[in-house]
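The values are calculated or read from the model by the stated rules, or taken from the named source; none is laboratory data. Computed from a predicted structure; not experimentally measured. Virtual Cβ from ideal backbone geometry, glycine too; neighbours counted across all protein chains shown.
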Amino acid sequence: MSKGYARFITAFFCLFLAAFLVANLVLPDREFSPEENRYLAQRPELTLESITDDEGTFMTDFEDYHSDQFAGRDFWIGLKAWGERLTGKQENNGVYFGTDGAQTLFAQFTSPTAEDMAQRLSYVNALGENVDVPVWFALIPGKVTVWSDLLPAGAPLADESGALEQAAGSCVSVQWIDLVTPLMDHKDEYVFYRTDHHWTTLGAYYGYLALMEGMGLEPVEFTGTPELVSDSFLGTTYSAAGAKWVKPDEMYRWIPEDGVKVTSYFTGMPEEGALYVDSFLAEKDKYSSFLGGVQPLCVVETGHTDAPKLLLVRDSYSDCLTPFLTQNFSEIHLFDLRNNNMSLSAYVEENGIDQVLVLYSTANFTTDGNLFKMGI
Amino acid sequence: MVFSTTYFLFLYLPVVLLIYYICPLKLRNLALLAVSLVFYYWGERIYVIIMIASTLIDYTHGMLVEHFKGKGKLKFAKMAVASSMIFNLALLGFFKYWDFIAGSLQAIGLTFMPVLGIHLPIGISFYTFQTMSYTIDVYRGDTRAQHNIVNFGTFVTLFPQLIAGPIIKYKDLGDQIDHRTCTSDKFASGVQRFMVGLAKKLLIANNVGMLWDAYKAMAPGELTVAGAWLGVLAFTFQIYFDFSGYSDMAIGLGRMLGFEFMENFNYPYISKSITEFWRRWHISLSTWFREYLYIPLGGNRCSKPRWVFNLLIVWAATGIWHGASWNFVLWGLYFFVFLMLEKLVWGRALARLPAAVQHVYTLFLVLVSWAIFAIEDFGQLVPYLKVMFGLGGVPLADGAFGYYLRSYLPLLVIAGVGSTPLLSKLWHKLPRKAAAVALPVLLTAGLMVCTGYVVDATYNPFLYFRF
């Protein structure tokens, strides 16, 4: 190695390090990453205590901060995802790449133990016992079940069948409604977003038909034309996988909002809400355009004043299902256990609820830590 | 602090290099000492005191040994060596082995030692060995005592080798601590070496590590015979690429700072016998045990039973050095048994077999050894080994095995090739001009890809926290 060349290599390496040292110092910190759909770590406070305490608070926080705020973070995450894909990996960060050229992304599903699942199901049965009105229970299968044909062969963390069978077989004081068959019947249709974990409006429609039938109600067949509201939706599974190569999803609205009054309780206080919140369509988190995102409680009042009142104990999959439900109920009370500590049995009595539906995606039902509140 | 993180690569390292090179020569050791203490404090905080204590104790003892030797008081010099060893072994014994001994005693009903839940300070196994050998070498006359506390502190705390070796002996580094030259040639070769090590760690070790973790997490009933072997193969590559990658990074960083450390790995997986494997694996550790344990015990210049006993001690010690757990003892003794068999029974016959058979024999034994090494819990280890040898009553393979094999095959092939000197040979055969063009291209690509992997580091384990 000539001296000049050695200097060139030395300078090259040092400049590479220095470039990012400076870039990280100069570039402003971001609070939220739409691409990853999460809040990024912020610069930790440097105090004598934070650098000397037993936990090493400052150092640990700084490590997260430094990589979260790293210059060009989104680019690097995409580069890594490409690296994984090009070396033959069929997954990245807990997301399987579909066999359709990695266009369909599957969040991995870890089966709960039978004991854990039994515990979770006992909360549902406890709810059934605590209230005097009929309680229905359904779990929405994930893409790993409905679109298993597109999974990489032998993908180990993708089997929901055990959890679903256990749920179906454990209903004592509630009535089970199967959603696997109705969705499987339409598995060749666009029932899930390829880049997000949610079902599409079409998927929710098939779910709606099955739920109404199961509850003994007359579903309203859809005869209109779905309205395309976005063709650039990149969902949470895309974010987790860093799969920058996927084509975005399309998002549709089916049911118009006419004659519906929505009251949202984002902060616990009632405020006027809507079935569709257009502003989210301009953001990354387009799925939140249904009902406006996470809220502890949401009450939807419809023009069908003779129809029964429904309490829906639910996760975000119900956001795009609710418009369909407005055709069959006078009121729909959407209850999110994550941020809501009200007693369900008291709520049923106080609001004159006629039917209760517990509806979760299988993935959320097997991981959510708030299900115990159903039993209170 | 760990090398394979964004804050080491893009904050600590450039700042350290800047400080180091703007410091006048005289102050560079002081600067290195200061930044090395920051490096250690970052991850271990209050435990930095143990390292400082070890430094002060051995600095003093080195001076005492030299002083007594100079006055012809060999007995006092010997006592000083003994005192240094007691201090170091007591530190290591307490922080690394107290809970292990207490727990083992409680398991057989003896409760006089309470389990204290002691935190194992990172790197303690490395730096206590380094400081202990220093006083011994001063006594043996293999090196002079270091009179400058800053220089001695720099030796002990030198951040490139602090937490994962190589175990550098003072007699090999003392001259470089006092005088070393920093040239762009050395720096550039350090950059290449560091890059190789970083890629080994981030691109290969971390990746195949995920495969091993998938198999390690499975219950015996979920395993398959082929899967269990695939899992162990993944760990085989993980430990080698992780450990030798760390050594490469240490050697590379050392060169950037003007040091030349000893090599620690020499393609161990191309060995044709277990004896050869241990000449190529973690060389700095095996030579340490040879110099400071095996030979003082009498080596092989004694009766045969005594020689066997000496080896038994050395291999039990090598095993337990890797972690305070019985499986590491078993792992050491496993090698003792096969080394003895090679020396006494089939070593010569083995050498006459076709090379392929010798390689298969060695790799087979090495793979099994890694299963013993990687699974600390006997309740999990025994069923895993049973499955490996077809005694688990599980199928030969399943869909998950196919999935993992397909997903990791390219990486396993790369790791396999990377375990041999092939790539290095090819690189050196490259015409000079081609190499001059290829180097910056590879360096750019390597830095870019490694940055991608380190920024999105959902998985970046540190394997040596038990060492």
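Being touching a residue at least 40 places away in the same chain (Cβ under 8 Å) and polar (S, T, N, Q), is that true of even one residue in segment B:365-373? Break it down stepwise before answering.
Kept after step one, since they are touching a residue at least 40 places away in the same chain (Cβ under 8 Å), are these residues of segment B:365-373: B:365-368, B:370-373.
Now narrow it down to the ones that are polar (S, T, N, Q): none.
No; the residues of segment B:365-373 include none that is touching a residue at least 40 places away in the same chain (Cβ under 8 Å) and polar (S, T, N, Q).
Out of B:ILE274, B:ILE283, B:ILE239, B:ILE270, report the one residue that is in contact with a His (Cβ under 8 Å, 6 or more places away or on another chain) and at pLDDT 95 or above.
Sole residue among the options that is in contact with a His (Cβ under 8 Å, 6 or more places away or on another chain) and at pLDDT 95 or above: B:ILE270.
If you take just the helices (runs of 4 or more DSSP H) that sit entirely in segment B:399-460, which of them hold at least 1 residues that are at the interface with another protein chain (Cβ under 10 Å from one of its Cβ atoms) and among the β-branched types (Val, Ile, Thr)? Working first, answer last.
Numbers: elements: B:399-418, B:422-429, B:432-455.
It comes to B:399-418, B:432-455.
So which residues in segment A:117-165 are of a type in the set (Lys, Arg) and touching a Lys or Arg at 6+ places or on another chain (Cβ under 9 Å)? Before you say what the answer is, go through the steps one by one.
Of segment A:117-165, the ones of a type in the set (Lys, Arg) are A:120, A:143.
Answer for segment A:117-165, where residues must be of a type in the set (Lys, Arg) and touching a Lys or Arg at 6+ places or on another chain (Cβ under 9 Å): just A:LYS143.
Restricting to segment A:240-270, give me the number of residues that are of a type in the set (Asp, Glu) and at pLDDT 95 or above. Before you say what the answer is, go through the steps one by one.
Applying the first criterion (of a type in the set (Asp, Glu)) to segment A:240-270 yields A:249-250, A:257-258.
Those left that are additionally at pLDDT 95 or above: A:249-250.
Looking only at that region, the number is 2.
Those helices (runs of 4 or more DSSP H) of segment B:335-395 in which at least 3 residues are modelled with pLDDT of 95 or more and in contact with a Ser or Thr (Cβ under 8 Å, 6 or more places away or on another chain), considering only elements entirely within it, cover B:355-374.
Got a sec? Which of B:PHE465, B:PHE378, B:PHE364 is of a type in the set (Phe, Trp, Tyr), loosely packed, with under 12 Cβ neighbours inside 10 Å and more than 14 Å from chain A (Cβ to nearest Cβ)? Don't jump to the end; show me each part of the working.
On the way: B:PHE465 fails: loosely packed, with under 12 Cβ neighbours inside 10 Å; B:PHE378 fails: loosely packed, with under 12 Cβ neighbours inside 10 Å.
Criteria check complete, one pass: B:PHE364.
Any chance segment B:192-213 includes a residue that's among the aromatic types (Phe, Trp, Tyr), closer than 19 Å to A:ALA155 by Cα, surrounded by 24 or more Cβ atoms within 10 Å (Cβ to Cβ) and more than 10 Å from chain A (Cβ to nearest Cβ)? No, every residue in segment B:192-213 fails to be among the aromatic types (Phe, Trp, Tyr), closer than 19 Å to A:ALA155 by Cα, surrounded by 24 or more Cβ atoms within 10 Å (Cβ to Cβ) and more than 10 Å from chain A (Cβ to nearest Cβ). Scanning segment A:43-89 for residues that are more than 19 Å from B:ASP456 (Cβ to Cβ), polar (S, T, N, Q) and surrounded by fewer than 17 Cβ atoms within 10 Å (Cβ to Cβ) yields a total of 3. Meeting the requirement of 2 or more residues that are over 30 Å from B:LEU442 (Cβ atoms), more than 9 Å from chain B (Cβ to nearest Cβ) and touching a Leu at 6+ places or on another chain (Cβ under 9 Å), the helices (runs of 4 or more DSSP H) wholly within segment A:1-102 are A:57-68. Residues in segment A:298-355 that are of a type in the set (Val, Ile, Thr), surrounded by fewer than 23 Cβ atoms within 10 Å (Cβ to Cβ) and closer than 22 Å to A:GLU213 by Cβ: 2 in all.
With a cut-off of at least 1 residues that are surrounded by fewer than 19 Cβ atoms within 10 Å (Cβ to Cβ) and of a type outside the set (Lys, Arg), name the helices (runs of 4 or more DSSP H) lying wholly within segment A:123-193.
Working: elements: A:143-146, A:161-169, A:180-184.
Here the list reads A:161-169, A:180-184.
Quick check on my filter: what residues within segment B:417-467 are without any contact (Cβ under 8 Å) to a residue 60 or more places away in the chain and under 24 Å from the mean Cα position of the chain (by Cα)? Listed by number, the residues that qualify are B:VAL417, B:LEU422, B:LEU423, B:SER424, B:THR458.
Among the residues of segment B:297-317, is any among the polar types (S, T, N, Q), crowded, with 23+ Cβ neighbours inside 10 Å and part of a helix (DSSP H, G or I)? If you could, list the steps in order and put the result at the bottom.
First pass over segment B:297-317, keeping only residues among the polar types (S, T, N, Q): B:300, B:303, B:310.
Then keep just the ones that are crowded, with 23+ Cβ neighbours inside 10 Å; that gives none.
Taking every residue of segment B:297-317 in turn, none turns out to be among the polar types (S, T, N, Q), crowded, with 23+ Cβ neighbours inside 10 Å and part of a helix (DSSP H, G or I).
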